[in-house]
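The values are calculated or read from the model by the stated rules, or taken from the named source; none is laboratory data. Keep in mind that what you see is a predicted model, and the values were worked out from it rather than measured. Quick reminder, even Gly has a Cβ in these numbers, built from the backbone with ideal geometry, and neighbours come from all protein chains shown.
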């Protein structure tokens, strides 16, 4: 008996719609995405109903993590370099050209200035994290207020910059208050608190 | 690849017909392109951040060292609501001033939920010139497109200037156990309840004592 031969269908299927869709999505995500620089601190921000969008540039940011460690960052490569040089002069810490370059390219940091050269030389993120974890953040005490100087020199280098505080939900109020007091000492009376957009529950 | 044109054969024909240009298939293998497409897609999906962080602006009063204590405390007591923020997201509130030489005001316990401090604030704000409702109405008009954003701001400003001395004033006083989240929540309540005048201060000793008492005898 003759067997019925099934028509052998071609194994290739038309992928055009799938490709169309894939590229549509690629385009969408390419346009919408913005790369976030890796922060030295993990910060879980509180949420608020405020809808003021913070700018990506011309901003100086003080981060306070859940253990009340303080981090600092300021935007603009030239600004960062200038600030680092001035801080180096003041605290008698010399930075090599590589360290300055590294500093101008990285994001926030939270080590005392004495540890900064070692931090900048660390290279790999793991080593940096190790140094970071050992330090207590940027010193705020009134005797050696390094944060005051970071803010001060950043203000001199870039007077138009906005100042923002990005605190963790669990950061204690006295720590935040101390940061605010430092800002006020430096005549910064207007600043932003960075928050997430409120989602549902509150309304 | 598989689609190469192979039916050229038929030896005899060659002699008769003209040599035709090879008809190559229009199909190309899209697999590598798709691979790349999905690779990029995955990459962008993973790296993208959708919600941009928002910010609330806060204006702190200028620290003027020439002010005397009497001038600093010049806040009408009957319109002053004190909110003491303390641990476990608890808020204690009272009216007026806690003067150690007089009987201390009773503390009311509340929290940041929908039915917590917000109800009190809205009610108190409405008691004074219907302030909450008035501003809320304007906000609705802005949302409906009947009122320009700039006009709205003008109106609110004028409204607040008109009742400057008799509107609700909230003093936010986080104590040493308060978390940053509580402060942001409290500032948020100010925005939600349309409260124009508020200040971020620190709990004083009397208030610390009142909170300690309230925690002991609850």
Looking at (1) away from chain A (no Cβ under 13 Å); (2) free of Cβ contacts under 8 Å to residues at least 24 places away in the same chain; (3) out of contact with any helix residue (DSSP H, G or I) (no Cβ under 6 Å at 6 or more places or on another chain); (4) over 22 Å from residue A:195 (Cβ atoms), find the lone condition where residue B:166 falls short. (2)
Flag if residue B:199 is over 17 Å from residue B:108 (Cα atoms), surrounded by fewer than 16 Cβ atoms within 10 Å (Cβ to Cβ) and facing chain A (nearest Cβ under 8 Å): no
The correct count of residues that are within 15 Å of residue A:65 (Cβ to Cβ) and more than 21 Å from the chain's Cα centre (by Cα) in segment A:136-193 is 2
Please work out if residue B:133 is in a helix (DSSP H, G or I), at negative phi and more than 14 Å from chain A (Cβ to nearest Cβ). yes
Which count do you get for residues in segment B:202-217 that are more than 13 Å from chain A (Cβ to nearest Cβ) and either within 21 Å of the chain's Cα centre (by Cα) or crowded, with 19+ Cβ neighbours inside 10 Å (or both)? 3
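Tell me yes or no: at least one residue of segment A:43-60 is at positive phi, modelled with pLDDT of 80 or more and more than 14 Å from chain B (Cβ to nearest Cβ).
Checked against the condition, which is being at positive phi, modelled with pLDDT of 80 or more and more than 14 Å from chain B (Cβ to nearest Cβ), segment A:43-60 yields no hits at all.
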Please work out which residue is nearest to the other protein chains (Cβ to nearest Cβ), limiting yourself to segment A:152-185 and to residues that are within 19 Å of residue A:90 (Cβ to Cβ) and surrounded by fewer than 17 Cβ atoms within 10 Å (Cβ to Cβ). A:185
How many residues are surrounded by fewer than 16 Cβ atoms within 10 Å (Cβ to Cβ) and part of a helix (DSSP H, G or I) when one looks only at segment A:94-114? 5
Among the numbered conditions (1) modelled with pLDDT of 80 or more; (2) touching a helix residue (DSSP H, G or I) at 6+ places or on another chain (Cβ under 9 Å); (3) surrounded by 19 or more Cβ atoms within 10 Å (Cβ to Cβ), tell me where residue A:128 comes up short. (1)
Name the residue that is surrounded by the most Cβ atoms within 10 Å (Cβ to Cβ), counting only residues in segment B:169-196 that are away from chain A (no Cβ under 14 Å), at pLDDT 80 or above and in contact with a helix residue (DSSP H, G or I) (Cβ under 9 Å, 6 or more places away or on another chain). B:170
On the basis of being within 8 Å of chain B (Cβ to nearest Cβ), touching a helix residue (DSSP H, G or I) at 6+ places or on another chain (Cβ under 8 Å), modelled with pLDDT under 85 and surrounded by 11 or more Cβ atoms within 10 Å (Cβ to Cβ), does residue A:19 make the cut? yes
